[in-house]
Amino acid sequence: MSKCLICKTEIAPFMSFGKMPIANGFLPPEQFKDEPFFKLDAAFCDNCKMAQLTELVDRDKMFHENYAFYSSTSAGMAEHFKEFAKLVKSSYLPKKKPFVVEIGSNDGILLRHFASAAINYLGIEPSANVAKAAGDNGINTVCEFFEEKSAARIAAEHGKADAFLGANVMCHIPYIHSVLNGIDALLKPEGVVIFEDPYLGDILEKTSYDQIYDEHAFYFAARSVSYLFERHGFELADVMPQDVHGGSMRYVLARKGTRKVSDAVPALLKKEEALGIGRPDTYERFRTNVEASRTELVKLLKEMQQAKKSVAGYAATSKSTTVLNYCGIGPDLVEYISDTTPIKQGKYSPGMHIPIRPYDDFKEKYPDYALLFGWNHAREIMEKERDFRRAGGKWIVYVPRVQVL
Ligand code: DWN
Ligand code: SAH
C-alpha cells in the first residue's frame, strides 16, 4: 500500500501501466543497456480525491541540463500564453509596481509578455538547458527547483510577489506541500496564485491515458485542488477551462477571505460530483476504456503492417512514451517519429527505441499514415499539414477514440 501524497491516507492503484522508461528520456543506442525503468501505477485517494502516481521518479532524473521539452515548439501554445499574460495583467495585478513569479517557466514562453510590458518578473526553472534558452532571450530566470527552501531565499532577494504563476508544472511536483509553504512565504497577503494543468475530468472523459507518465505526479480537479490549498489557508476563487493540452483547467487561488469566490467554482464542483470524480467505479471504467483503446490501436497498426502501409509517428511527445510502451508498439509498427525539437532528433524513443527524425524527413517523403502523438495540437498540426492530406496521407488518432481521419 502507498500513502496519498496529499493527506497520507493509504491508497491502492486503480491501474498499472507496467514498467516504463523516463517519458522524456530520448536516448542514443549506446545508452539502451543502462536505460532506467520504473513502475507506472495510478491511484486515486478515497479521502481527498487526489488522483496521483504511487511510484515516483527522482526529480533530477527528469529535470536536468538535457530536458527534452521546449515550450515554444507550438505556435498555438505561444498564442495561448500571450492571452494568459494579458489576463493576468488586466485582472490580477495591482497598478503599483507589480511583481510576478512563474515556476516551470521553461524557455520563457509566458514571461516574455511581462518583460515586453516592463513588468517586474522572475522565472524559476530547474532544467538548465531550457532556463538558458530563456536567459539567452533576455528572460530573467533562476535555475533551481521551487520549494519551501528556495522560496524563502527568493523572497529575501527579490521581494514578495503579487502573482504566482505556473502552467503545466504544479502537477509535476510531488513535494507539493513544500511548494505551498513556499508560496505562503513568497506571496504578498493579497497576492494571487494562478496555475493550469491537464484536467482530470477531460482525462477520464476522453480516455487520454497518455497524460499519465512520470512527470505528472498529480491529475488535478477542482475538488482535490481546493482540498490541498485549504490545508494551507488558501481558497479556490475561480476556475477557467482551457482548450489546450487536450483539456486543461486554470485555477485561481488566494488566501481565504481575500477574494470573492466566483460562481464557476461551486458549479464545477457540482459537475465533478456528477462525473463521479470522487468515486472508485469511475476509475474502474477508465481502466476498461484504456484497455479497449490499446487493443484497438494495436489491431489497427497490425492491419497497416499486413497491408504494407507505411506508418510514421508525428511529434515525439512525452505522452507518446506511455502509449508506445503500454501498447508495446515498436519500430516494426511505427517506422520513425517526426519531431521539430533538435535535441530529440537522431535519438530513439524511450523504451521502444523508435528513431526520432527531423521534420524535413516527413515533409520530403510522406508516409501512408501518420500516428498523431501530438493530438493535443491537432488543430495547429492538421492545418499546417494540409499537403499531407492532399497527397493521400491519413491521420491516426487515439484520443478520444482510435480513428483514421
Ligand atoms: O506537461 C508537459 C507539457 C506541457 O509539455 C511536460 N511534462 C512535457 C510536455 O509534454 P509533451 O511532450 O507531451 O508536450 P506536447 O506539447 O504535446 O508535445 C511537444 C512535442 O511535439 C515537441 O517535441 C515538439 C513536437 N511538435 C512537432 O514535432 N510538431 C509539436 C508541434 C506543435 C508540431 O507541429
Ligand atoms: N510552463 C511550461 C513548461 C511545462 S514543462 C509550459 O507550460 O509549456 C514542466 C516544467 O516544470 C519543466 O520545464 C521543468 O523543468 C519544470 N519544473 C519541474 N519541477 C519544478 C519545480 N519544483 N520548480 C520549478 N519548475 C519545475
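Yes or no: the stretch 18-28 includes at least one residue that is at pLDDT 95 or above, farther than 30 Å from R357 by Cα and part of a strand (DSSP E or B).
So the first thing to find is which residues in the stretch 18-28 are at pLDDT 95 or above, and the list is 18-28.
Still in the running and farther than 30 Å from R357 by Cα: none.
Looking for residues that are at pLDDT 95 or above, farther than 30 Å from R357 by Cα and part of a strand (DSSP E or B), one finds none in the stretch 18-28, hence no.
Looking at the stretch 124-173, which of its residues are within 15 Å of ligand 1 (Cβ to nearest atom) and acidic (D, E)?
E125
Mind listing just one residue for me: the one in the stretch 170-204 that is under 17 Å from I154 (Cβ atoms) and among the small types (G, A, S) and, of those, farthest from ligand 2 (Cβ to nearest atom)?
Per the criteria, the residue is G191.
Go through (1) in contact with a Leu (Cβ under 7 Å, 6 or more places away or on another chain); (2) touching a residue at least 40 places away in the same chain (Cβ under 8 Å) and name the single condition S105 misses.
Only one criterion is unmet by S105, namely (2).
Anything in the stretch 37-52 that is open to solvent by 60 Å² or more (accessible area, probe 1.4 Å) and not basic (K, R)? List them, or say none. Steps first, please.
Here is the first cut: in the stretch 37-52, the residues open to solvent by 60 Å² or more (accessible area, probe 1.4 Å) are 37, 39, 46-47.
F37, D46, N47, listed by residue number.
What residue, among those in the stretch 156-165 that are touching a helix residue (DSSP H, G or I) at 6+ places or on another chain (Cβ under 9 Å) and open to solvent by less than 20 Å² (accessible area, probe 1.4 Å), is nearest to ligand 2 (Cβ to nearest atom)?
L165
Name the single residue, out of those in the stretch 76-86 being touching a helix residue (DSSP H, G or I) at 6+ places or on another chain (Cβ under 8 Å) and open to solvent by 70 Å² or more (accessible area, probe 1.4 Å), that is nearest to ligand 2 (Cβ to nearest atom).
K82
I'm trying to understand the selection: among the residues of the stretch 84-110, which are on the phi > 0 side of the Ramachandran plot and of a type outside the set (D, E, K, R)? Can you show your working first?
From the stretch 84-110, those on the phi > 0 side of the Ramachandran plot are 97, 104, 106, 108; that's our starting set.
Result: G104, N106, G108.
Does E10 satisfy the criteria of being in contact with an Asp or Glu (Cβ under 8 Å, 6 or more places away or on another chain), of a type outside the set (G, A, S) and open to solvent by 30 Å² or more (accessible area, probe 1.4 Å)? Break it down stepwise before answering.
Numbers: in contact with an Asp or Glu (Cβ under 8 Å, 6 or more places away or on another chain): no; of a type outside the set (G, A, S): yes; open to solvent by 30 Å² or more (accessible area, probe 1.4 Å): yes.
No.
Here are some conditions: (1) surrounded by 14 or more Cβ atoms within 10 Å (Cβ to Cβ); (2) more than 22 Å from the chain's Cα centre (by Cα); (3) aliphatic (A, V, I, L, M); (4) closer than 30 Å to A370 by Cα. A316 meets all but one. Which one does it not meet?
(2)
If you scan the stretch 327-340, which residues turn out to be open to solvent by 20 Å² or more (accessible area, probe 1.4 Å) and either touching a Ser or Thr at 6+ places or on another chain (Cβ under 7 Å) or among the aromatic types (F, W, Y) (or both)?
Applying the first criterion (open to solvent by 20 Å² or more (accessible area, probe 1.4 Å)) to the stretch 327-340 yields 328, 331-332, 335, 340.
Result: E335, T340.
Pairs under 6 Å by beta carbon, first residue open to solvent by 80 Å² or more (accessible area, probe 1.4 Å) and of a type in the set (D, E, K, R) in the stretch 53-69, partner at pLDDT 95 or above and outside any loop (DSSP other than H, G, I, E, B), six or more apart or different chains?
E65/A128; E65/N129
Please note which strands (runs of 3 or more DSSP E) are completely contained in the stretch 311-397 and include at least 2 residues that are under 24 Å from D107 (Cβ atoms).
Of the strands (runs of 3 or more DSSP E) lying wholly inside the stretch 311-397, those with at least 2 residues that are under 24 Å from D107 (Cβ atoms) span 311-314, 337-339, 356-358.
The values are calculated or read from the model by the stated rules, or taken from the named source; none is laboratory data. Since this is a predicted model, take the numbers as computed values, not measurements. No Cβ is skipped: glycine too gets one built from the backbone with ideal geometry, and neighbour counts run over all protein chains shown. Keep in mind that these areas ignore ligands, DNA and RNA; they rest on the heavy atoms of the full protein, side chains included. Shrake-Rupley method; radii C 1.70, N 1.55, O 1.52, S 1.80 Å.
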